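Peer 1: Can you read through this structure? Questions will come right after.
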Amino acid sequence: MKEFLLTDSDFKKIASLVYSACGIVLGEHKREMVYSRLARRIRRLQLDSFKQYLDYLDAHKEQEFSDFINAITTNLTSFFREAHHFEYLKSHIVPALLQANKQTKRVRVWSAGCSSGEEPYTLAMTLNELFPTNWDIKILATDLDSNVLAKAQSGSYTAANVNGLEQHHLQRWFLKSKNGELFKVKPELQKNIYFKRLNLLQDWPMKGPFDVIFCRNVVIYFDKATKDQLFQRYCNILAPHGHLFLGHSETMGKEHSEFKNLGRTMYQKVLHEAES
Ligand SMILES: C[S@@+](CC[C@H](N)C(=O)[O-])C[C@H]1O[C@@H](n2cnc3c(N)ncnc32)[C@H](O)[C@@H]1O
């Protein structure tokens, strides 16, 4: 016997609210996950059932909706996750940008769905170590979930969080707390990262163009129509020949002829003849 009653109709209502708010598809196999994540909210609010929670959500939308969505998002991430992407950035993209952008000395990167910040900080470490200091390098880091974004902005990580980082990165870019339990990102690494809350399905306030977009392990939760629309918008906001990185289990269909598939979930915007 479960602690709270979750009927089929409650589950359908939750799935429909989540889908229309942020595109995340909650199939039947996500029922247990939904139960355990929202049960925490129900306990905290001292309610008795999912039905009561849905009524509460309806009556307190302003206040509760972001906690509701924060509870549903999956935020797993790590420093140098899918390390081959950062290797490719280093060996192919940075040398190309050093040449292509040498007049402006400007590079713009977007970590879309940045979770608790490990991805944009990894990008910042990689880029800062390769570009001359007089280059204007900026990283936009966005996420829908306000809790993880606050953690990203604080730049404070536990020893377990930084476990996979090499010693030279830790020493150069982090300050260790006196008791050795926390590692804080140094301000010099943080200063060119702009954290913003952004729902990828809504309007984007920025104009771009971006040289590189990382949107990894985000579209896995979306349906094909949402993904297709998002890929087209990424193409529109990328600079000519800009790069898009997806997560290891995410692919873009062949019909997206606006991108060239470079393998290992890396894509490059293609300029068709009329545009080039
Ligand atoms: C699994 S994490 C991926 C983090 C990082 N990109 C990585 O690969 O390690 C997925 C992130 O996407 C965010 N997300 C999901 N739907 C979103 C949406 N509609 N708009 C913005 N962010 C979204 C979640 O909040 C979550 O932090």
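The values are calculated or read from the model by the stated rules, or taken from the named source; none is laboratory data. Computed from a predicted model, the values in this text were never measured in an experiment. FYI the Cβ positions are ideal-geometry reconstructions off the backbone, even for glycines, and counts take in every protein chain you see. Please note that ligands, DNA and RNA were not included when accessible areas were found on the heavy atoms of the full protein model with its side chains. Shrake-Rupley method; radii C 1.70, N 1.55, O 1.52, S 1.80 Å.
Peer 1: How big is the dipole moment of segment 8-72 about its Cα centre under a simple scheme where the beta carbon of each Lys and Arg is +1, that of each Asp and Glu is -1, and everything else is neutral? Debye, nearest 20, please.
Peer 2: 200
Peer 1: OK, next. Quick check: at a probe of 1.4 Å, how many percent of the accessible area of the chain sits on carbon and sulfur atoms?
Peer 2: Carbon and sulfur together cover 52 percent of it.
Peer 1: Now a separate question. Given Cβ point charges of +1 (Lys, Arg) and -1 (Asp, Glu) and nothing else, what value in debye, to the nearest 20, does the dipole of the chain about its Cα centre take?
Peer 2: 660
Peer 1: Right, something else. Who wins for biggest fluctuation among ASP48, ASP143, ASP203 in a Gaussian network model of the chain, springs between alpha carbons below 10 Å?
Peer 2: Among ASP48, ASP143, ASP203, the largest GNM mean-square fluctuation belongs to ASP203.
Peer 1: Right, next: What whole-number value in Å² describes the accessible area per residue of segment 8-72 for a 1.4 Å probe?
Peer 2: Roughly 55 Å² per residue, with all protein chains present.
Peer 1: Round to the nearest 10 and report in Å² the accessible area of TRP173, as given by a 1.4 Å probe over the protein chains' heavy atoms.
Peer 2: Looks like 10 Å² after rounding.
Peer 1: Can you work out ³J(HN,Hα) from phi for every residue in segment 66-80, in order, using Karplus 6.51 cos²θ - 1.76 cosθ + 1.60 and θ = phi - 60°, giving whole Hz and x for Gly and Pro?
Peer 2: After applying 6.51 cos²θ - 1.76 cosθ + 1.60, I find 6, 5, 4, 5, 4, 5, 7, 5, 9, 10, 4, 7, 6, 5, 6 Hz.
Peer 1: So, one more: Straight-line reach from LYS61: which lysines have a Cα under 16 Å away, not including same-chain ones fewer than 8 places off?
Peer 2: LYS13, LYS51
Peer 1: Could you list, in their original order, any pairs among LYS30/LYS254; LYS176/LYS196; LYS90/LYS227; LYS151/LYS260 whose Cα atoms are separated by more than 31 Å?
Peer 2: LYS151/LYS260
Peer 1: Also, quick follow-up: Considering only GLU82, GLU188, GLU32, give the residue with the highest GNM mean-square fluctuation for the chain, with springs between Cα atoms whenever their separation is below 10 Å.
Peer 2: Greatest mean-square fluctuation among the candidates belongs to GLU32.
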